[in-house]
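Worksheet: the structure to be examined is printed underneath.
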Amino acid sequence: MHLDLTQFDAVTFDVYGTLIDWEPSIIRMFRSVADQHGVELSHEEFLLEFDRARAQLQRVRPALLYPDVLKQAYEQFCERHDVAPDDAERDVFGKAVMLWPAFDDAIESLAHLHAHMKIGLLSNIDNQSLGYSVRKLRLAPDVVATAEGVGAYKPDHAHFDAAIRDFEAIGIARNRILHVGQSLRADVIPANALGIKCVWIKRPGRSLGSRPEDAQGARPDAVFDTMHDFALAHRAQMALSNRTTGHKD
């Protein structure tokens, strides 16, 4: 890896898939409905069902709030499999974000990084739902850009533009901002287009946004399997830099 992680004053993160582990919960949500009605699909097929609905719904303008995206994804699943929608189930889908857990390595990694850099969150989510996740991450982000706030969904550039403006307002230039995400489609590709250095957190065993069809043209500047690996690399580079300059961490 040739990217100097110590050159940045701020780091922006994708949240869902990078810091919050949403895929197993999404699979369980749809499987719960499927099991009631004899619908047999693989884990990957459940994710594809969700991703197909998400892609269509996130093109709607004005942008839907994320609870409505989840509710309509449920309705589309029911329609495709000839299942009568249930109002209570629909409401559970709409509130599902509060049940999605943080990855085991997210809290400690964020704490280390936040001790050295400002942190921004760029998320295709609504403000209320993000609040549930931020509390799980034990984080007080310096900058937040949500789909509700910018009126669009990544890979639209609006999240990045908003974060750049907010960081510039506190004296951090765009070339001192690093973006980190698990999705090649929604994070790495737009960061490339905007000339922002970016890190891909691969999260082995997770696939939303980073399948081969999502990856065409994506050029991450560094790749790590996990947030833990990313934070370790930052810590190691800082230690080397401090030894070179004679500073203490």
Cα-based Lys proximity count in the chain, under 26 Å, for pairs eight or more positions apart or on separate chains | 14
Share of the chain's accessible area from carbon and sulfur, percent, 1.4 Å?
-> 50 percent
Lys and Arg at +1, Asp and Glu at -1: add these up for the other residues within a Cβ distance under 13 Å of Phe224 and post the number.
-> -1
Could you give the accessible area per residue of the chain, probe 1.4 Å, as a whole number in Å²?
-> 46 Å²
Distance in nm between label sites at Ala173 and Asp104, each 7 Å beyond Cα in the beta-carbon direction?
-> 4.2 nm
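Give, in nm to one decimal, the length gained when the segment between Gln216 and Ala84 is fully stretched (0.36 nm per residue of separation minus the Cα-Cα distance).
On the way: separation 132, 0.36 × 132 = 47.52 nm, distance 3.78 nm.
So the extension gain works out to 43.7 nm.
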Mean Cβ neighbour count within 10 Å, used as a protection proxy, ranking 233-240, 152-159 highest first = 152-159, 233-240
How would His116, His81 line up by accessible area, probe 1.4 Å, largest first?
-> His116, His81
So what's the back-of-envelope 222 nm ellipticity for the chain, counting only DSSP H runs of four-plus at -39500 (n - 2.57) apiece and dividing by all residues, rounded to 500?
-> -14000 deg cm²/dmol
Between Ser241 and Arg28, what is the spin-label point distance in nm, taking each point 7 Å from the Cα along the Cα→C-beta axis?
-> 3.9 nm
Remind me, what semi-axes does region 32-105 give for its equivalent ellipsoid, largest first in whole Å, using sqrt of 5 times each Cα gyration tensor eigenvalue?
-> 19, 17, 14
Can you give the accessible area of Thr244, probe radius 1.4 Å, in Å² rounded to 10?
-> 110 Å²
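The values are calculated or read from the model by the stated rules, or taken from the named source; none is laboratory data. From a predicted model like this one, the values you see are computed outputs, not experimental measurements. Ideal geometry is used to build each Cβ from the backbone, glycine not excepted, and the neighbour counts take in all protein chains shown. With ligands, DNA and RNA removed, areas are computed over all heavy atoms of the protein, side chains included. Shrake-Rupley method; radii C 1.70, N 1.55, O 1.52, S 1.80 Å.
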